[in-house]
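Below is one structure, written out as structure tokens; comments come after it.
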Amino acid sequence: EPQIARMRSIFEASGRARYLDHAEIEASPVLKIHLDTFSGEPTESELGLLNWRGGGAAWFLPATPMVGEIAELHQQTSRRVLEEHGFDYMVEFVCGPRAARGLHIIMFNRNDPEEARRMDECYAALVKAYDDLGSPIGRAPTDWQERGGARLPQYTALTRAIKSAVDPKGVIAPGKYGI
């Protein structure tokens with residue numbers, strides 16, 4: 001309750017935010033999906049999003065500090081890059097006690113080679129834009145994990161060392177994140 005009150009006071013002071021209680025959220029089919037998911041009860045309803053553009057989805061998760069100017073810069077940057085590549089701007093800001101993320105969902109038709117190529121170029125442009133901003137990116141898609149690791153060779157070396165100490169035979173999630 002104290003955290004909710006604190007967050008409400010900050011966001012509502014902007015004049016652009018309104019608090020929705022659980023009853024209001026449960027009454028909205030779209031918002032209820034998120035209430036269930038963030039309460040640890042994922043449902044099949046949230047997967048309907050994957051049919052948006054032909055079944056392809058790439059998740060782009062840059063760290064987004066809860067600082068208005070930075071969040072606004074991130075929104076402008078993402079919107080510009082996505083529009084340049086012909087994709088919809090779809091993002092949720094997920095804020096927790098330890099970190100905040102701008103959860104971008106790049107929906108594309110994975111059966112269309114041209115669109116899949118554009119999505120890959122879009123993802124590369126997002127990675128570069130956020131690297132230029134100095135914002136770390138987490139949970140890269142499987143086909144981006146090695147490229148993502150190549151951006152941060154010291155981090156990759158550290159995670160490889162930890163993985164080899166914990167999993168010397170390499171049986172836990174082999175190849176994930178390039179380790």
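Per-structure values
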{"read-out": "The lone exception for ARG118 - which of (1) farther than 22 Å from LEU31 by Cα; (2) out of contact with any strand residue (DSSP E or B) (no Cβ under 8 Å at 6 or more places or on another chain) it fails", "value": "(2)"}
{"read-out": "Near pairs, Cβ below 6 angstrom, 6+ apart or cross-chain, from region 54-69 (closer than 17 Å to ILE137 by Cβ) to any residue that is among the charged types (D, E, K, R) and modelled with pLDDT under 80", "value": "LEU61/ARG139"}
{"read-out": "Index of the failed condition, ARG160 passing every other in (1) assigned to a loop (DSSP other than H, G, I, E, B); (2) open to solvent by 100 Å² or more (accessible area, probe 1.4 Å)", "value": "(1)"}
{"read-out": "Residues of region 108-149 classified as open to solvent by 50 Å² or more (accessible area, probe 1.4 Å) and on the phi < 0 side of the Ramachandran plot, total", "value": "17"}
{"read-out": "Some residue of region 3-10 being in contact (Cβ under 8 Å) with a residue 40 or more places away in the chain and small (Gly, Ala, Ser)", "value": "no"}
{"read-out": "Listing of helices (runs of 4 or more DSSP H) fully contained in region 1-107 that carry 2 or more residues being open to solvent by 80 Å² or more (accessible area, probe 1.4 Å) and at pLDDT 80 or above", "value": "2-13, 22-27, 68-84"}
{"read-out": "Yes/no for GLN154 being modelled with pLDDT under 85, exposed (fewer than 12 other Cβ atoms within 10 Å of the Cβ) and part of a helix (DSSP H, G or I)", "value": "yes"}
{"read-out": "Pairs with Cβ under 8 Å, 6+ apart, first in region 12-40 and in contact (Cβ under 8 Å) with a residue 12 or more places away in the chain and charged (D, E, K, R), second surrounded by 12 or more Cβ atoms within 10 Å (Cβ to Cβ) and not in a helix (DSSP H, G or I)", "value": "none"}
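Per-residue answers, yes or no, for (1) under 21 Å from SER135 (Cβ atoms); (2) touching a Lys or Arg at 6+ places or on another chain (Cβ under 8 Å):
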{"residue": "ARG53", "(1), (2)": "no, no"}
{"residue": "ALA58", "(1), (2)": "yes, no"}
{"residue": "ALA63", "(1), (2)": "yes, yes"}
{"residue": "MET66", "(1), (2)": "yes, no"}
{"residue": "GLU69", "(1), (2)": "yes, no"}
{"residue": "LEU73", "(1), (2)": "yes, no"}
{"residue": "GLN76", "(1), (2)": "yes, no"}
{"residue": "VAL81", "(1), (2)": "yes, no"}
{"residue": "GLY86", "(1), (2)": "no, yes"}
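The values are calculated or read from the model by the stated rules, or taken from the named source; none is laboratory data. Given the structure is predicted, the values throughout are model-derived calculations rather than measurements. Every residue, glycine as well, gets a Cβ built from its backbone with ideal geometry; the counts of neighbours run over all protein chains shown. The area values use the complete protein model at the heavy-atom level, side chains included, leaving out ligands, DNA and RNA. Shrake-Rupley method; radii C 1.70, N 1.55, O 1.52, S 1.80 Å.
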